[in-house]
Amino acid sequence: QVQLVESGGGLVQAGGSLRLSCAASGLLFSIAAMGWYRQAPGKQRELVARITGGGFTTYGDSVKGRFTISRDNAKNTVYLQMNSLKPEDTAVYYCNYDSGRDYWGQGTQVTVSS
């Protein structure tokens, strides 16, 4: 079965950086469309970034120019490099695999202090 395991969250000061990782199993990773979403308290889950099997990337407007999504097909892992973090980036970040139905990881907390 599909499993997505996130890691790399934590507490960081505004202006700092974090890198999230999502290790995937149970899918043909090299052609999989993978993404990162986030959900802050009281808010809807929103797209942060997405990458297709061919490497085409899409970003949410609020993270463009600060976050970078990438993938390592040899490691079945997708990454999210987050730079210039802001307090409003505080949320639980979820890894997503879109195969026509959505699969989600358990989430990792990112907290940005001002």
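Kindly indicate whether Arg71 is surrounded by 16 or more Cβ atoms within 10 Å (Cβ to Cβ), among the basic types (Lys, Arg) and under 19 Å from Gln3 (Cβ atoms). Break it down stepwise before answering.
Details: surrounded by 16 or more Cβ atoms within 10 Å (Cβ to Cβ): yes; among the basic types (Lys, Arg): yes; under 19 Å from Gln3 (Cβ atoms): yes.
Yes.
Cβ-Cβ distance below 6 Å, separation of 6 or more or different chains: which pairs start in segment 14-32 with a residue that is at positive phi and end on one that is open to solvent by 50 Å² or more (accessible area, probe 1.4 Å) and not acidic (Asp, Glu)?
Sorted first by the residue in segment 14-32, then by its partner, the pairs are Gly26/Gln1; Gly26/Gln3.
Within segment 57-65, is there a residue that is out of contact with any Cys (no Cβ under 7 Å at 6 or more places or on another chain) and touching a residue at least 24 places away in the same chain (Cβ under 8 Å)?
Step one: list which residues in segment 57-65 are out of contact with any Cys (no Cβ under 7 Å at 6 or more places or on another chain), which gives 57-65.
With touching a residue at least 24 places away in the same chain (Cβ under 8 Å) added as a condition, the list becomes 62-63.
Yes, there is a match, as at least one residue in segment 57-65 is out of contact with any Cys (no Cβ under 7 Å at 6 or more places or on another chain) and touching a residue at least 24 places away in the same chain (Cβ under 8 Å).
Being more than 13 Å from Ala33 (Cα to Cα) and within 14 Å of the chain's Cα centre (by Cα) is the filter here, so list the residues in segment 86-98 that pass it.
Step one: list which residues in segment 86-98 are more than 13 Å from Ala33 (Cα to Cα), which gives 86-94.
Passing the criteria: Asp89, Thr90, Ala91, Val92, Tyr93, Tyr94.
Looking at segment 89-108, which of its residues are farther than 13 Å from Ala24 by Cα and not small (Gly, Ala, Ser)?
Asp89, Thr90, Val92, Tyr93, Arg101, Asp102, Thr108
Considering every residue within segment 39-46, establish whether at least one is free of Cβ contacts under 8 Å to residues at least 24 places away in the same chain, surrounded by 13 or more Cβ atoms within 10 Å (Cβ to Cβ) and in a strand (DSSP E or B).
Yes; the residues of segment 39-46 include at least one that is free of Cβ contacts under 8 Å to residues at least 24 places away in the same chain, surrounded by 13 or more Cβ atoms within 10 Å (Cβ to Cβ) and in a strand (DSSP E or B).
Please find, within segment 99-114, the residue that is farthest from Leu47 (Cα to Cα) out of those that are assigned to a loop (DSSP other than H, G, I, E, B) and under 14 Å from the mean Cα position of the chain (by Cα).
Taking segment 99-114 as the starting set, the residues that turn out to be assigned to a loop (DSSP other than H, G, I, E, B) are 99-101, 105-107, 114.
Pick out the ones that are also under 14 Å from the mean Cα position of the chain (by Cα) and you get 105-107.
On the way: Gly105: 14, Gln106: 16, Gly107: 14 Å.
Applying the filter and picking the extreme gives Gln106.
The values are calculated or read from the model by the stated rules, or taken from the named source; none is laboratory data. Just so it is clear, the structure is predicted and the values come from calculations on it, not from any experiment. Virtual Cβ from ideal backbone geometry, glycine too; neighbours counted across all protein chains shown. Heads up: the accessible areas ignore ligands, DNA and RNA and are worked out on the full protein's heavy atoms, side chains in. Shrake-Rupley method; radii C 1.70, N 1.55, O 1.52, S 1.80 Å.
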